[in-house]
Amino acid sequence: AALKRRVRFQVSAALKEGHVTPTELCQRCLSLIKSTKFLNAYITVAEETALKQAEESEKRYRRGHPLGVLDGIPIAVKDNFNTAGIETTCASNMLKGYISPYNATAVQKLLDQGAVLLGKTNLDEFAMGSGSTDGVFGPVRNPWSYSRQYKEKFVPKSHSQDEKSNWVITGGSSGGSAAAVSSFTCFAALGSDTGGSTRNPAAHCGVVGLKPTYGLISRHGLIPLVNSMDVPGILTRCVDDAAVVLGSLAGHDPKDSTTIQDDFKPFELPNVADVSKLSIGIPKVTFKSCQQLWTGTAADLFKNAGAKVIEVSLPHTCYSIVCYHVLCTAEVASNMARFDGLEYGHRSDMNKSTESMYAATRREGFNDVVRGRILSGNYFLLKQNYENYFIKAQKVRRLIANDFVKVFRSGVDILLTPTTLCDAVPYMEFIKEDNRTRSAQDDILTQAANMAGLPAINVPTALSERGLPIGLQFIGRSFQEKQLLTVAKWFEKQVKFPMIQLEEVKRHDHDAFQHQKSASFS
Amino acid sequence: VLNRRCVEAAVMTGLALNCSINKKSLFDRKHYFYADLPAGYQITQQRVPIAVNGSLSYSLCIDNKMSQMVTKTVRIKQIQLEQDSGKSLHDDTRSQTLVDLNRAGVGLMEVVMEPDMCCGEEAAAAVRELQLILQTLGSSQAVMAEGQLRVDANVSVHHPGEPYGVRTEVKNINSIRFLAKAVDYEIQRQIEELESGGTILNETRAFDSKLGCTVPMRDKEGKQDYRFMPEPNLPPLILYDAKSLPANMNHQQVVNIDLIHERLPDLPSVKRAKLVERYGILPEHSFTLLNEDGLTEFFENVVKQTQMKPKKVIGWILNDLLSYLKQHSLTVKESPVSSFLLADLLNLLEKKEISSTAAKQVLAELWKGEGKTPLEIVKEKKLELIQDQKELEQICQAVIDGQENEVIMMVLG
């Protein structure tokens with residue numbers, strides 16, 4: 001059991017030396033997935049294929065020729081990446097039962113390195129949302145809801161509130177992936193990040209969430225939300241692991257014309273970094289974040305190490321929410337047009353006419369959130385509105401991106417902000433507001449990086465007063481992931497974020513057994 | 001992902017049509033729902049196409065006799081790259097539509113002409129010339145019957161001096177011949193409509209080749225808002241020329257306009273001029289030669305293998321060979337008479353071994369394709385021209401001897 005808590009580098013070493021075999025590792029992860037089923041982190045568990053992959057990996061280790069550090073390492077993939085032969089649903093009725101004929105490039109690259117694909121993780125439907133609560137397979141539960149740290153601090157607000165129903169959300173939309181990594185069922189997971197969808201759940205679940213520079217990792221096979229902002233995201237338990245996964249994913253893909261042509265050189269992060277020559281910028285923010293305190297503490301850490309910490313201004317970032325809303329819904333409306341029920345996916349029984357079939361299929365296949373965004377998007381793309389909304393939003397986007405250019409040009413190396421406004425809220429509270437309101441609130445700190453295509457990473461920093469994870473975000477210059485991750489790793493070492501103490505796993509196993517026993521009596 | 005060959009084909013075609021090539025062109029999404037459009041949008045170039053402002057010169061005969069040709073020009077508005085949709089096959093008997101998606105996504109080149117043509121004949125001639133150019137360049141095989149070249153005609157009428165009238169778009173035209181018919185029908189229909197006090201609707205009509213008329217197309221709704229949006233997955237297309245090409249650029253990653261220009265083959269108009277100059281044939285002859293697939297080659301091969309002057313050879317090619325092929329609906333490639341055989345025959349004629357009447361007889365035999373050489377046929381049918389004076393006298397004497405009475409009658413008057 002202690003094995004799982006180790007980070008991947010150590011596991012790789014263990015595999016190499018034969019202390020544990022890929023098959024054992026795979027089986028343990030699969031069994032842990034079963035006992036944490038209540039988290040609802042996985043939509044599909046690919047048990048058979050995973051074990052086969054583990055077997056192949058084992059053969060390679062026995063021969064002394066593993067493919068690399070990732071060989072035999074169990075991973076999970078967000079269910080909006082195409083996986084050959086394994087269902088890809090995007091947590092939507094539209095694609096329930098859809099088996100893709102090909103692997104997304106990012107998935108293929110991991111498989112080529114020998115990684116073992118355990119399954120597809122849960123998300124908000126079509127990655128639209130910031131809670132991982134709006135998918136057709138139900139919401140994902142934050143593993144920290146069942147941690148000793150949270151339970152110790154938990155104070156019920158009323159009689160009706162009890163521990164069991166007060167679980168907190170993972171954040172989204174890559175909540176399943178974040179929960180999977182956080183609960184030790186895998187060593188790394190793929191998410192996607194369009195407005196913060198990798199960094200947000202990473203912060204809430206206490207794991208590292210990396211959003212790479214736009215154009216670094218291929219989007220081929222990632223079912224698109226906003227083509228001009230989407231990136232595959234990497235979720236791991238430590239920064240070093242994120243660097244390893246990045247090394248195997250980055251690089252030009254001829255199948256994705258938006259990937260850069262330059263060669264990518266995978267890098268290793270130094271164990272000891274000198275941050276004294278760095279200039280850390282902290283953007284002025286007008287809203288209150290529970291994390292403000294931690295940003296201050298982090299700033300002190302850097303100052304004490306000799307770095308320069310200055311306040312910077314990103315004047316147009318306050319418009320990023322509305323700008324994002326226009327551009328995102330417009331691209332969504334376009335990208336969702338392919339789901340008409342004719343070629344694949346759900347098709348309605350309505351057959352009076354082609355149009356009525358389209359309408360019924362799309363009404364049945366998409367949830368409110370998706371339909372709402374499609375309607376908005378089409379509105380903004382109408383001829384009479386295009387100039388006022390879409391073109392204007394494009395211009396505002398340029399201004400937002402230029403803010404960052406200016407700041408980086410003035411000598412700032414890395415920007416530091418909280419990742420989210422607050423720690424994870426209880427599900428019952430979260431659902432009181434609608435998806436759009438929540439997204440607008442929760443994306444506020446993360447979105448601008450997608451607007452500008454910059455790399456950004458969430459590093460788990462400390463626990464809140466409620467015993468839940470808080471993460472801080474570092475934003476770097478385009479394609480300077482090495483510098484960004486070096487700083488992140490240094491910071492990670494300074495703060496020594498505590499390990500989650502999951503007791504619930506054992507207890508739930510026990511409960512299930514009890515239930516079975518009583519059932520056989522009656 | 002953009003197909004390099006499509007870009008090169010568009011640049012070649014643009015250069016051949018005297019267009020300005022836009023060094024930067026953009027891609028857009030055009031949204032509409034239809035069963036043969038699987039993505040729900042088509043990628044096209046609405047804002048900035050790859051080539052603009054060109055011209056196409058073509059020739060027409062003034063009368064039907066091919067004796068006077070006149071050159072006309074039609075302006076090319078633009079050339080744009082876009083995606084093809086799938087194919088819809090309507091099965092009315094079972095009230096269903098079958099959708100074939102195999103060609104969805106394949107690259108298309110749309111050539112937009114300005115309304116500079118005034119009748120079916122001009123439209124047909126212009127499109128025919130375009131077809132030849134495309135085939136010469138290798139951009140497309142441009143066979144209309146196979147859907148490799150699709151033509152939509154936009155037709156309007158107006159009184160001289162007044163602005164252009166409302167136009168209709170005519171689709172479903174499957175050959176150049178039908179193009180001329182469709183255009184002429186539509187012009188007539190519009191004139192009749194207006195003269196009887198009606199109006200022309202800005203609509204799409206389909207050409208019915210069986211009835212020879214245009215009919216309004218079903219399931220084409222009114223004005224559609226296509227919600228154009230820049231295509232986010234295709235960055236702007238940048239083309240270079242020798243001047244703008246950066247030194248360290250990987251040559252396999254770029255399309256160089258100047259290089260393409262250098263490699264352009266001779267266009268039809270140039271080819272025709274060369275034929276006229278080289279062989280002394282008439283301009284209208286050169287048109288016919290180029291119009292028929294393989295005919296120029298055949299002609300040149302015959303010329304190479306015979307001493308007969310090209311000016312004479314051309315007569316045999318255009319009058320005898322071509323009309324025979326047309327009669328039997330054969331292509332030049334399918335001709336039972338090869339250029340070698342024809343040259344052989346023409347050599348016999350040239351050497352005065354046979355008369356021209358005899359030559360035509362031999363040719364008629366050769367068509368049968370029985371594998372006999374001209375010489376063999378001549379010997380078989382005893383068609384040789386007799387050159388020997390004595391032999392001729394003997395024959396004449398024999399004839400006269402055999403017709404004593406007639407000869408006496410003639411001598412007596």
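Worth a mention:
- Flag if residue A:410 is within 28 Å of residue A:492 (Cβ to Cβ), surrounded by fewer than 23 Cβ atoms within 10 Å (Cβ to Cβ), touching an Asp or Glu at 6+ places or on another chain (Cβ under 7 Å) and more than 14 Å from chain B (Cβ to nearest Cβ): no
- Residue satisfying condition, being more than 22 Å from residue A:246 (Cα to Cα) and either in contact (Cβ under 8 Å) with a residue 24 or more places away in the chain or surrounded by fewer than 24 Cβ atoms within 10 Å (Cβ to Cβ) (or both), within set A:131, A:172, A:195, A:191: A:131
- Any hit, segment A:14-31, residues being surrounded by fewer than 21 Cβ atoms within 10 Å (Cβ to Cβ) and within 30 Å of residue A:342 (Cα to Cα): no
- When A:404, A:380, A:390 are checked against the criterion of being away from chain B (no Cβ under 12 Å), aromatic (Phe, Trp, Tyr) and either part of a helix (DSSP H, G or I) or under 16 Å from residue A:92 (Cα atoms) (or both), A:404 stands alone in meeting it.
- No other residue among B:116, B:84, B:100 is within 14 Å of another protein chain (Cβ to nearest Cβ), in contact with a Lys or Arg (Cβ under 8 Å, 6 or more places away or on another chain) and either surrounded by 18 or more Cβ atoms within 10 Å (Cβ to Cβ) or within 30 Å of residue B:47 (Cα to Cα) (or both) apart from B:100.
- Residues satisfying the criterion are absent from segment B:149-161 (criterion: in contact with a helix residue (DSSP H, G or I) (Cβ under 9 Å, 6 or more places away or on another chain), within 14 Å of another protein chain (Cβ to nearest Cβ) and touching a residue at least 24 places away in the same chain (Cβ under 8 Å)).
- Flag if residue A:53 is part of a helix (DSSP H, G or I) and within 24 Å of residue A:254 (Cβ to Cβ): no
- Residue match in segment B:18-27 (condition: touching a strand residue (DSSP E or B) at 6+ places or on another chain (Cβ under 6 Å), outside any helix (DSSP H, G or I) and within 14 Å of chain A (Cβ to nearest Cβ)): yes
- Exclusive hit being in contact (Cβ under 8 Å) with a residue 40 or more places away in the chain, surrounded by 13 or more Cβ atoms within 10 Å (Cβ to Cβ) and in the same structural domain as residue B:301 (by the TED database), set B:363, B:348, B:375: B:363
- Selection status of residue A:248, closer than 27 Å to residue A:182 by Cα, at pLDDT below 90 and either in contact with a Phe, Trp or Tyr (Cβ under 6 Å, 6 or more places away or on another chain) or among the hydroxyl-bearing types (Ser, Thr, Tyr) (or both): no
- Qualifying residue in segment A:334-345 (condition: away from chain B (no Cβ under 14 Å) and aromatic (Phe, Trp, Tyr)): no
- The residue that is farthest from residue B:101 (Cα to Cα), counting only those in segment B:33-52 that are within 28 Å of the chain's Cα centre (by Cα) and more than 14 Å from chain A (Cβ to nearest Cβ), is B:52.
- In segment A:188-209 there is at least one residue that is within 14 Å of chain B (Cβ to nearest Cβ) and under 23 Å from residue A:42 (Cβ atoms).
- Sole residue being buried (at least 16 other Cβ atoms within 10 Å of the Cβ) and in a loop (DSSP other than H, G, I, E, B), chosen from A:347, A:362, A:373: A:347
- Residue match in segment B:131-143 (condition: in contact with an Asp or Glu (Cβ under 8 Å, 6 or more places away or on another chain) and either modelled with pLDDT of 95 or more or surrounded by 16 or more Cβ atoms within 10 Å (Cβ to Cβ) (or both)): yes
- Test: residue in segment A:77-97 that is over 21 Å from the mean Cα position of the chain (by Cα) and in a helix (DSSP H, G or I): yes
- Residue A:414 modelled with pLDDT of 95 or more and at negative phi: yes
- Where helices (runs of 4 or more DSSP H) fall wholly inside segment B:197-295, the ranges with 2 or more residues that are more than 14 Å from chain A (Cβ to nearest Cβ), surrounded by 13 or more Cβ atoms within 10 Å (Cβ to Cβ) and at pLDDT below 90 are B:283-291.
- Segment A:210-246, residues that are within 13 Å of chain B (Cβ to nearest Cβ) and of a type in the set (Asp, Glu): A:230
- Exactly one residue out of B:30, B:77, B:72 is within 13 Å of chain A (Cβ to nearest Cβ), surrounded by 15 or more Cβ atoms within 10 Å (Cβ to Cβ) and charged (D, E, K, R): that is B:30.
The values are calculated or read from the model by the stated rules, or taken from the named source; none is laboratory data. It should be emphasised that the depicted structure is a prediction, and the values quoted were computed from it without experimental measurement. Note that we place each Cβ from the backbone using ideal geometry, even for glycine, and neighbour counts take in every protein chain shown.
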